[in-house]
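What follows is a set of notes on a single structure, which appears directly below.
Where a number appears in this text, it was derived from the coordinates with a stated rule and is not lab data. The structure presented is a predicted model; accordingly, all values stated were derived computationally and were not measured. With ideal geometry, Cβ positions are generated from the backbone for all residues, glycine too; neighbour counts draw on all protein chains shown.
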Amino acid sequence: MSGALTWGIVLASLAGILLRPWGLREWASALAGAALLVLAGALPPAAAWRAVGQGADVYLFLIGMMLLAELAAAQGVFAWAAGLVARAARGSAARLFVLIYAMAVLITVFLSNDATAVVFTPAVASMAAAVGAERRLPFLLICAFVANAASFVLPISNPANLVVFTAAMPDLPRWLALFGPASAAAVGVTFLALWLTQRDALRQPLRVPEAVPPLSPAGRLTLAGLGAMAALLLAASALGWRLGLPTFCAGLGTAALVGGLARVPVWGLWRQISWGVLPLVAGLFVMVGALDRTGLAPVLGAWLRAAPWAAGPGLAGLSNLVNNLPSGLLAGQALAAAPSGPKLAGAVLIGVDLGPNLSITGSLATLLWLTALRRHGLSVSAWRFLRLGAVVMPPALATALALLWLAS
């Protein structure tokens, strides 16, 4: 009964995150679910606190990323980049679509999928405004789908990669040999699916902006901070460090430099950060802790080894059911409990990374994207995203898994 009660509370909380009854924010449903789990005895208070503490690295990562995003918006970096890309598109919506897609892939690969959701989404919104696009959503959808599709090109492309391979992270050559063709296929098939589904909007006329004014000194410092963060994340990944503290330091250090050297007031940016993301993540970690006490990890591990061919689709389904952060943590624990081959772990990781492109609550990156979208006066319903995800995700997942199993 306790296991059924735990699952009932978790699923009800996730339904609240998805449906937002009475206009409740996602973080409110996550916190309510976490509190109910503790009150119902599914998780002792001390264990719940430890579960919250497990997300410390994620909290630092998100704070640093959101601080840099707000700083870049305030100092005109997004507007400057939007002007350059808009001019390069030369009035073609199709060309703009390709340019944005390529930029989203690069940002996801080298800065992580959360950076694409938090940092790049406002930039794309600025680009769409700069060219006078009447239908902006097709360009913004790129940020959501690429954030998941390109998130296993490199180990640093998604923090979930470090969680799934917690027992034995492959070195970079082995990673590329295992995931190179699969990740390229995921990016390519996702592009084709988005292009075909959004092709009507890609015929809309766009204007070509006038000459782009140069960045201010504060804007150049902010841009340098983004570059430093990319270098720090690559170095941290190569050294096996956690990514949260370097990202937080990059965001805080860049804000301090901009405020000190350029004499620009920046500390008000703290009020602009979407702080609700942190309790949302904390609530998800508590749910993972409660589900773990039901014995789910050993059962999941036994199932993965009994039916390795179903690992990818199975984890994709679980990620859309409970979000890929909890499913990635559970899968990592399951794989660490008993030895498994690299292809099984790879199939699990692809399911955790790419599978969430089905639903709007499938990944943390998509939830962050949705938050950024609302700040620009746009929104996407869960049903609309699901209808699109049902076209985009399955062929990309099937192709990526097939190439993984064919990899040498």
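Let me check I've understood the local charge: for Ala347, count other residues with C-beta under 15 angstrom from its C-beta, Lys and Arg +1, Asp and Glu -1. What total comes out?
Residues close to Ala347 contribute a combined charge of +1.
With a 10 Å cut-off between alpha carbons and a GNM built on the chain, which of Gly377, Gly389, Gly351 moves the most?
Looking only at Gly377, Gly389, Gly351, the biggest GNM fluctuation is shown by Gly377.
Percent of Cα-Cα pairs more than 35 Å apart in the range 2-406, please.
Here the tail beyond 35 Å accounts for 24 percent of pairs.
So what's the angle, to the nearest 10 degrees on a 0 to 90 scale, between helix 172-197 and the longest Cα principal axis of the chain?
60 degrees
Kindly express, to the nearest 10 degrees and within the range 0 to 90, the angle between helix 324-337's C-alpha long axis and the longest C-alpha principal axis of the chain.
It is inclined by approximately 50 degrees.
Rounded to the nearest Å, what's the spacing between the alpha carbon centres of the range 1-78 and the range 329-408? Just the number, please.
19 Å
Over the chain, with a Gaussian network built from C-alpha contacts below 10 Å, which listed residue (Gly64, Gly33, Gly259) shows the highest mean-square fluctuation?
Comparing Gly64, Gly33, Gly259 in a Gaussian network model of the chain, the most mobile one is Gly259.
Between helix 77-89 and the chain, what is the angle of the helix's C-alpha long axis to the longest principal axis, kept within 0 to 90° and rounded to the nearest 10?
Roughly 70 degrees between the two axes.
Would you mind pulling out the separation of the Cα centroids of the range 185-240 and the range 112-157, in Å?
7 Å
Within the range 169-205, find all residues whose amide N lies under 16 Å from a label point positioned 7 Å from the Cα of Val98 along Cα-to-beta-carbon.
188-189, 191-196, 199, 202-204
Residues of the range 46-88 with the amide nitrogen closer than 19 Å to a label point 7 Å from the Cα of Ala256, along Cα-to-Cβ, please.
Backbone N within reach: 60-72.
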